[in-house]
1. Using Cα-Cα distances under 8 Å and only pairs 6 or more residues apart, what relative contact order does the chain have, in percent?
2. Starting from the alpha-carbon convex hull of the stretch 318-451, give the projected area averaged over all orientations, in nm².
3. Is the shape of the stretch 761-834 rounded, prolate or oblate, going by the alpha carbon gyration tensor and its root eigenvalues a ≥ b ≥ c, with a/c under 1.5 for rounded and a/b larger than b/c for prolate?
4. Could you work out the mean projected area of the convex hull around the alpha carbons of the stretch 726-768, in square nanometres to one decimal?
5. Which whole-percent values make up P(r) of the stretch 146-302 when all C-alpha to C-alpha distances are grouped in 5 Å steps starting at zero?
6. Considering the options 535, 121, 191, tell which one lies farthest towards the positive end of the dipole of the chain, charges being +1 on Lys and Arg and -1 on Asp and Glu at the Cβ, about the Cα centre.
7. Dipole of the chain, Cα-centred, from +1 at each Lys and Arg C-beta and -1 at each Asp and Glu C-beta, to the nearest 20 debye?
8. Mind pulling the per residue volume of the convex hull built on the Cα atoms of the stretch 284-330? Å³ is fine.
Amino acid sequence: MSDTLVHPEAPAAPEHVAIHRKDYRPPDWLVPSIALEVDLDPQRTTVRSRLMVTRNGDHGRALRLAGDELTPLEVRVDGDDADWVMDGNDLVVTIERDRAEVETTVALVPAANTKLMGLYASGGILCTQCESEGFRRIAFHPDRPDVLSVYSVRMTADRACFPVLLANGNLVAAGEAGGGLHWAQWDDPFPKPSYLFAMVAGDLQPNRDRFTTMSGREVELAIWVRQIDLPKTAHAMASLKAAMRWDEETYGREYDLDLFNIVAVDDFNFGAMENKGLNIFNSRYVLADQDTATDSDFDNIAGVVAHEYFHNWSGDRVTCRDWFQLSLKEGFTVFRDQSFSADMGSAAVKRIDDVRVLRAAQFPEDAGPLAHPVRPETYIEITNFYTATVYNKGAELIRMMRTILGDEAYRKGSDLYFDRHDGQAATCEDFVRAMEDASGVDLGQFRLWYSQAGTPLVDARLSHDRDAATATLELSQSIPDTPGQTGKAPMLLPLRTALIGSDSGEPIGEERLILLGTATTTVRFDGVTEPPLLSINRDFSAPVNLRVERRDGELERLAEVDPDPFARYEAGQELMYRVLLAGASGEAADTAPVIAAARGTLVSDTLDPAFKSEALSLPAESLIGDRMQWVDPEAIHRSRDTLRSAIGSELGELLAAAQAVGAAGHDLSPKAKGIRRLRSVALSLMAAGDPLRGAAAAKAQFDLADNMTDRQGALLVLASLDSPEREAAFDAFYIRYRDDSLVLDKWFALQAAAQRLDTIEVVEKLASHPDFTVRNPNRWRALVGNFAANQWCFHDPSGRGYRFLADMILGVDRINPQVAARQVSSLGRWRRLEPVRAALMQAELERIVQSPGLSRDVFEQASKSLA
Ligand code: ARG
Ligand code: ZN
């Protein structure tokens, strides 16, 4: 509905001003309370806001309120005409007294808001997104996270189109307003920053439930969706209740309002948003049933629902002082949701998945032109800093603190942090200090993890003295230079380490926690009578790159006997890397150890299916590239394909047997999910060994599937094959799901991820498919994001993939800069590619930077990528 409308104002020229952490100053004015009156209409919404402001400190400065694409219709101070001017986008009001009521009225066009920040329309629903700086698109306001207010919101709207009116906090009154209008009044008793404000109006239906908190309070829960989607909300509701219980049991955190609402919308820039008492979600993280969602969709829903719920404490009750502190809430909350998911299923497999994400997304970021510390020092556009570094590396920092302090002291630390800072806007430093104060452990050196960017590199070498029955472990660390940072100090790296007898396969002594805090160190182990295997950085206790000097046969043995599942998995992956890297540089390598390990995995009756599927999955092409001096996409692809077909042809029968085992689609137990996962991994390897047989098995799996996991797994295999079954399956999938936008996203994504020579052509065509739209972030990312992640196809030597991506970025930038900017990093690692491709990528980045009317968001990412 918004497609034909143009916003009344042309976008302002981007001001590319850098903001620095060191410039932080407390706000000049505080806003203890806010009353909003909102007359909602997609074509013309008016917002009357009354800010109670108080002077903060002894100064004579005017009140400066941020606005974005807002024009004031009226400004009053204490009911009188005010003395105000516009300074750029800011409304500057001169106030003589130390407290005043500042009233402003503005008009907006939600239907024309294509940036999906502020108040916008999504499929007939009006909703808001304010983090980080979206509130200024609704009302003039300081719009910084250290200004906390109590909100009272009166919403008025057409009852027929918008029968449901929601905002933060509690519904205190509602009624008819005449002329088909109705109104609702919502008060939120908890002071909050403006980024946590939310409002929703729409024709929504609730899935209602209740939760009794640990102190016996009753909370009404509701998940609001379109009527037709109600049957798909059961899993999100179950996840919410599980998360609420888990946070009580694990962190002692109880929910604090009488209502908790979740709303699903189709057009959303990110995953979801933790607005106080009214979480707003991208519908892909709410809606699921066995026919339309895969097991990993189900798991992601549980993880995101938990994440947003956990923010109620780590984010809402204790918020961030400024946006440089973003990881205070995001790193901590990611760690909390990772721990929750680990407790709900297999902790080992969850850890493997989390580390895979870290390595695939954060390590490259930390090694590239956009590298920044977990607590950044400077930004041009804060939205560009919702990164894997702030989120996922941030979560690793919290995990390391728990490892260093131990579970009990860590919990004391989190209790102290919540107690001390409840109701405040805090800093990363406050968090670390609470951990220190509660434990008595000095985290002085550990703090470097917040300020130094780059993934540490650890070298390890173990030697054995049979006569003395000792082993000596030599360790060293270095931290690579990153933009603006050189000559870094050694950091504190917690390395969980054990020795295992290579003959007996039994652990030698206890596992140790080595705290590597110097550039080099030596650790001695006694009582080592047989040659030891080195099991180091178990459970990935430190987020580092590790280079271990291995003896012949050591990895093979570790992949077989290491009782730490993560380390065992790692040993198997290292075996694969050896073959893959040799292959990619044109050397012959012995595939026998990899095949033997894969065989051992397949026939094992102690390993569970989910772990087996991890152990049988080869490192992604991008991860192989990360270990090469230059990324050579063609050579990597060939090498990986060769190994896959070797495994597939050697182990064809065992793989076929694993593929033949299924689990009932409605069964969402970890075991059933593991069986399905193994099934599609086996199918994929089987097809690599014997494409004809693989295509037939895939088509059969596709046709007989009673769940989306099997169906998508089969389609993923067919996608890269040249067989008649391929087209038949894609057509059938399209016809069946063309009206279900979340599933149609998969149809786009699978074709964009296909490893075929014609993928670029297919993708270009799909960009003008009638079901493709740049207005919906999910659809755009399904096609463009998946294609850019398809290393072999994206890096086509002609440069056609780069041109396509740059065109798509520039196209979407004019309507939604946040979506555009997030994709720039796919071009940004040009220096890692061989020179011909690097030059082509660089040229596209230059074309982007030189485009007129570029957003600040894309400008920052593209210009930093060229620097
Ligand atoms: N706080 C939200 C979450 O992680 C994400 C908000 C993203 N905002 C942004 N401007 N990128 O749960
Ligand atoms: Zn978050």
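1. Working: 1729 pairs, mean separation 72.3, N = 867.
8 percent.
2. Details: hull surface 32.9 nm².
If I average the Cα hull's projected area over directions, I get 8.2 nm².
3. On the way: a/c = 2.11, a/b = 1.36, b/c = 1.56.
Taking the square roots of the gyration eigenvalues as a ≥ b ≥ c, the stretch 761-834 is oblate.
4. Working: hull surface 12.1 nm².
Average of the hull's projected areas for the stretch 726-768 equals 3.0 nm².
5. All Cα pairs, binned at 5 Å, distribute as 2, 9, 16, 20, 20, 17, 10, 4, 2, 0, 0 percent.
6. Of the options given, the answer is 535.
7. Values: 93 positive and 129 negative charges, 154 e Å.
With only Lys, Arg, Asp and Glu charged at Cβ, the dipole is about 740 debye.
8. Dividing the Cα hull volume of the stretch 284-330 by its residue count gives 72 Å³.
Bear in mind these aren't lab numbers, they're just calculated from the coordinates by the rules spelled out. These numbers were taken from a predicted model, which means no experiment stands behind them. Every residue, glycine among them, receives a Cβ derived from its backbone with ideal geometry; neighbour counts consider all protein chains shown.
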